[in-house]
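J.: Quick one: the structure is below, and I'll ask about it shortly.
A short reminder: the numbers here are calculations on the coordinates, not readings from a lab. If you're wondering where the values come from, they're calculated on a predicted model, not measured in any experiment. We place every Cβ from the backbone using ideal geometry, glycine too, and count neighbours over all the protein chains shown.
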């Protein structure tokens, strides 16, 4: 076989793996969106970063992060948070930590966490009311400097808390316990300070969030001892928080990519088995049939030329059209062939006046493996004989190769295919007059 033929064989195989990878990519994105993998992984990662579920709840309730939520009632949490918004939200949390509104808000989120774990009677209705109280704590925090507005908002919060205690007796012990802890913290709580006094905020933050305080203290070490006096120190502190966040997001991206690769492998294996896509059998057919090999190479060239930007530019409808066109070629894909007319005794013509009996598990040469449905026999194709154990093992290995190739991802195969197509285009293809034959 010439170099040009080997090149076309490689293009054909990579084109098939690219098609599998693109299909898996679409399915994977659909599953990820349906199951909310990205938002859930981000939320769990930030929970580890902030130190507790309660601290994370406060972060997510911050207006800068809340603005990234989606849905009619902002119920969908973000799958991505810009590092600057994260750092600004954290610094604002530090600055507000000494305030009464912040401490009450933390207590409410702590109560909600306990209710979700213990699940007392009517706890969901109680949580709904408590979340309405959180909205008023946000108003109290936002009214910084306006003591009257802050006082009114907190009065509404306390009314809601009293109403929850009255309406939900099973929830009352949890509220009393958490607000007793809040009262103890208030005894040690420093006097509320102006917005630029981060050191007082860090001290107050330690009352509710010691793990978060410890991390932030470490990030403030190289900003100077007096955080409130120099803008340069504040900027450096914010940059340190952003770097801390970005490093965590880099690890999260690595975890997500590994999960995505495992999922792509699973999708690829399932698709290979369902559609009988055996890489070894496909390579063998491309090796033996130059017409099919050249047609697929041309299809691959057209795909590359129409999508110069990369995989992200490929239209799903274009992939579907290609699949339908390739399906007309004589390639060993699929389990069931074109239906054959069947006589009343189960006999089908498979050649010139040559008959075979349509049975599911043929045991002799006069029997054809297939499904007898109505007046037709649907032959089972592209399989080893029933008792060929090694043939079936080899076929499953072909499925595994397809799955492993799928897991490499569409961008990987598209880049390789683009290079091979460019090499092929620099030469001259041998002329072939034959046309691809249909296997159906």
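J.: At 222 nm, what helix-only mean residue ellipticity would the chain give, in deg cm²/dmol to the nearest 500, using -39500 (n - 2.57) for each DSSP H run of four or more?
T.: Working: 17 runs with 289 residues, N = 440.
It lands at -22000 deg cm²/dmol.
J.: Considering only C-alpha atoms, what is the centroid distance from the stretch 357-432 to the stretch 79-143, in Å?
T.: 57 Å
J.: Give the peptides 281-291, 335-345 in descending order of average Cβ contacts within 10 Å, highest first. Spell out each step's value before the answer.
T.: Numbers: 281-291: 17.5, 335-345: 13.4.
Descending packing order for the listed peptides: 281-291, 335-345.
J.: Determine, at each q value in 0.22, 0.32 (inverse angstroms), the log₁₀ of I(q)/I(0) that the Debye formula gives when each Cα of the stretch 267-308 is one equal point scatterer.
T.: Log-scaled intensity ratios, in q order: -0.84, -0.91.
J.: Using every alpha carbon pair in the stretch 40-249, what percent of pairs falls into each 5 Å bin from 0 up to the bin containing the largest distance?
T.: 1, 7, 14, 19, 20, 17, 12, 6, 2, 1, 0
J.: Next question, about the same structure. Name the residue, out of 122, 96, 48, whose mean-square fluctuation peaks in a Gaussian network model built on the chain with Cα pairs under 10 Å.
T.: 122
J.: In whole percent, what relative contact order does the stretch 1-110 give with Cα contacts below 8 Å and a gap of six or more residues? Can you show the working numbers first?
T.: Numbers: 50 pairs, mean separation 24.2, N = 110.
Here the relative contact order equals 22 percent.
J.: Also, I was wondering about something else. Please state, as a whole number in µm²/s, the translational diffusion coefficient that the Stokes-Einstein equation yields for the stretch 340-379 at 10 °C and 1.306 mPa s, with Rh defined as the Kirkwood radius across alpha carbon pairs. Don't skip to the end; give the middle numbers.
T.: Working: Rh = 9.7 Å.
The estimated diffusion coefficient comes to 164 µm²/s.
J.: Among 158-165, 134-141, 396-403, 88-95, how do they line up by average Cβ neighbours within 10 Å per residue, starting with the highest?
T.: Descending mean neighbour count gives 88-95, 134-141, 396-403, 158-165.
J.: Then there's this: Let me check against my output: what whole-number percent is the relative contact order of the chain, with C-alpha pairs under 8 Å and at least 6 apart? Let's see the in-between values first.
T.: Details: 523 pairs, mean separation 93.9, N = 440.
It rounds to 21 percent for the chain.
J.: Going by how many other beta carbons lie within 10 Å of each one, how would you line up 29, 318, fewest first? Could the numbers behind the result be given before it?
T.: Details: 29 11, 318 15.
The most exposed by this proxy come first: 29, 318.
J.: Counting only C-alpha contacts under 8 Å and six or more residues apart, can you give the relative contact order of the stretch 40-249 as a whole percent?
T.: Details: 222 pairs, mean separation 51.5, N = 210.
That works out to 25 percent.
J.: Of the peptides 243-251, 55-63, how do they stack up when ordered by the mean number of other Cβ atoms within 10 Å, highest first? Walk me through the numbers on the way to the answer.
T.: On the way: 243-251: 14.3, 55-63: 20.2.
The most tightly packed comes first, giving 55-63, 243-251.
J.: Tell me, what is the FRET efficiency for residue 375 and residue 44 to the nearest 0.05, using R0 = 60 angstrom and their Cβ-Cβ distance as r?
T.: On the way: r = 57 Å, r/R0 = 0.96.
Plugging the Cβ-Cβ distance into 1/(1 + (r/R0)^6) gives 0.55.
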